[in-house]
Each structure stands twice: as C-alpha cells, then as structure tokens.
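Coordinate-derived values only; no laboratory data. What you see is a predicted model; the values in this text were computed from it and never measured. Neighbour counts run over all protein chains shown; Cβ positions are idealised from the backbone, glycine included.
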Amino acid sequence: MHHYEAEVRAAAERWRALGRPAPRVALVAGSGLSVDLGAPVAGPEPLAGWLPFPVRAVAGHGHELELLEPGPGLTALYFRGRLHAYQGYSASEVVFPVRLAAALGVRTLVMTNAAGGVRPEWPAGTLAAVSDQINLTGLSPLCGEPPESWGPRFPDMLDAHSAELRALAHEHAERLGHPLVEGVYAGLLGPAYETAAEVRMLRAMGADLVGMSTVLEIIAARHRGLRCLVLSLVANPGAGVTPQPLTHDEVLEAGRAAAGRVRALLAALLADPRLHES
C-alpha cells in the first residue's frame, strides 16, 4: 500500500512555508455537519490543493480547508468534508488529511459524522459522543509498511476514543443544555445502507451507531498518538428499526436541523484551552 509519506511531508513543508502557525487541534466534519465556526484566519481553500490525488464529489460533502482561531493563542485546522473509501479511495487516501494534520503538529483530532441509530430508543436528532468503535470495513490504513517514525507497528486501540475528551464534551453540552449520550460506532464500507439483518447483527455485537466513515481516520490518528473525540448525530434509525426506507437526503436534512446544536458544542470545545493540550 502506498502511504504517501513524501507527499505528507511536502504538504506540511508547504504549509510552513506560507508562514502559517502549527495547529494543535484538527476538526473533520461529516455529512451535513460542515457548520460555520467563525471567520477563518486562512482559507477556505479547496482541499484538493493539498492532496496528491483527485477529489471525488459526494452530494452534501464539500471539500475545503480552513485555519480557525477559536480563542486567544488557539488555532485549529478545519476540514470541511471528508473522504470515504466507498468513493474508491484507498485507506491511505482516506486518512491523508489526518496524517497531514499530525505532520503539522496537531495532537487532538475531533470528528463529526452522521450515523444510523441502532438503538430504537435513540430517535433522529440524538447527539452522541462515541465511546468506542468496531471497524467492519475490511480495511486498515496500517496495511503494508507505514513509516516507522509515524508510530508502532501494532498500535494499541484500548483508549481510541479519549474518555478525558468525552468528559469535556459532556461538560460543555450540559452547560449548553444540549443532551449528549455515549455509544459504540460501527464503521461499514457502504455505500449501500445496512440491511435489517445487519442492523440486528450490529445490535447483538454491541454497536449503538452505524456509519460509513470515521473508523479508518481514528486508527491512523491513534497510530500517530493523537487524542480523539468523535461526535455522532443520529440522522435516521437503522434499517428495520422503523419501517421507512433510508435516503441520503434524510441524512443531510438531519444535519441541517441539528446544525445549531452541533455548531454551539464545537465552538465551545474549540475555544477550551484544555482541548489544545498535548
């Protein structure tokens, strides 16, 4: 597998040559959740300008990069839109933005996604902090021979989703009056939605949420030693939980409906100096 080591290094060197600061936090936004978080100090600019491969479009997914200043002395790298393996990207291509962020000095990764609800008691609009994950994509960005300098050959995934950062998210959510639950996220390859039988399987496996992203980026981030926090919006119930069919438009609409809550929570987190600590 091609890991784009030289390309990651070259992109990071170009960033520094532009005189831009080294952010400590990166945020990757998912389906319908690319909310405005204030005027950027750099960008927005096309993500394609920082990738060594073509960008493929998906409805509801922009692909832009911004540098934010959420508070005095704080900077955050904001990827508005993400790459999905179901679009034909390799696992290494999916995680290229995360590896670039790590090369720039990022130590904390925050991600948002839209997910199907496996739990019947979690209606559409539920916001969850992901407590753990199940990678069912059949892929890994660590296959082949990633550079030894990036991390251990067999990285530990015990604390893949930081309990400390989840506690921080709960603190801000409570202050804002926005309910926040916790659950396990199962990542599948997609792009077909899960069958009713697959949702029953996921429930039996201990999953609370299911989607088509996130798990590969978290593996790559933990390989580089980053702390990770994932906020997942239940955009629709999983197949078989209710009798209605699932549509992509439904996912995007759920994101739009929850945009205010997501924006408020992300803004509070990004402005908290504790998120920017190593």
The summed charge of the residue 218 Cβ neighbourhood (under 15 Å; Lys/Arg +1, Asp/Glu -1) stands at +3
Where does helix 248-270 land angle-wise versus the long Cα axis of the chain, in degrees 0 to 90, nearest 10?
-> 50
Taking springs between alpha-carbon atoms closer than 10 angstrom, which of 126, 247, 214 fluctuates most in the Gaussian network model of the chain?
-> 247
Fluctuation leader among 212, 201, 111 - the chain, Gaussian network, Cα springs under 10 angstrom = 201
If one compares the long axis through the Cα atoms of helix 196-205 with the longest principal axis of the Cα atoms of the chain, the angle in degrees, nearest 10, works out at 70
Unit charges at the beta carbon, dipole of segment 178-228: most positive-side option, 212, 223, 189 | 223
Take the chain, connect every pair of alpha-carbon atoms lying under 10 Å apart with a spring to form a Gaussian network, then pick out the residue of 92, 149, 213 with the largest mean-square fluctuation.
-> 149
The Cα extents of segment 86-178 along the principal axes, largest first and rounded to whole Å, are 45, 29, 23
Which residues make up the longest stretch of the chain that has no GluC sites (Glu not before Pro) in a DSSP loop with at most 13 other Cβ atoms within 10 Å?
-> 122-276
Identify, among 167, 26, 86, the residue whose Cα sits farthest towards the positive end of the charge dipole of segment 5-276, taking +1 on the Cβ of Lys and Arg and -1 on the Cβ of Asp and Glu, with the dipole about the Cα centre.
-> 26
Which of (1) 58; (2) 63; (3) 53 is the computed percent of Cα pairs over 22 Å apart? It is (3)
In degrees, nearest 10, range 0 to 90: what is the angle between the Cα axis of helix 5-17 and the longest Cα principal axis of the chain?
-> 70
Taking the Cβ of residue 208 as the center, what net charge do the other residues with Cβ under 15 Å away carry, scoring Lys and Arg +1 and Asp and Glu -1?
-> -1
Residues with beta-carbon under 12 Å from that of residue 8, excluding residue 8: net charge, scoring Lys, Arg +1 and Asp, Glu -1?
-> 0
Ranked from fewest to most other Cβ atoms within 10 Å of their own Cβ, 143, 228 fall in the order 143, 228
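Which FRET efficiency value, to the nearest 0.05, is calculated for residue 196 and residue 158 with the Förster distance at 30 angstrom and r the Cβ-Cβ distance?
0.40
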Value at 222 nm in deg cm²/dmol, rounded to 500, when DSSP H runs of n ≥ 4 in the chain each add -39,500 (n - 2.57) = -9000 deg cm²/dmol
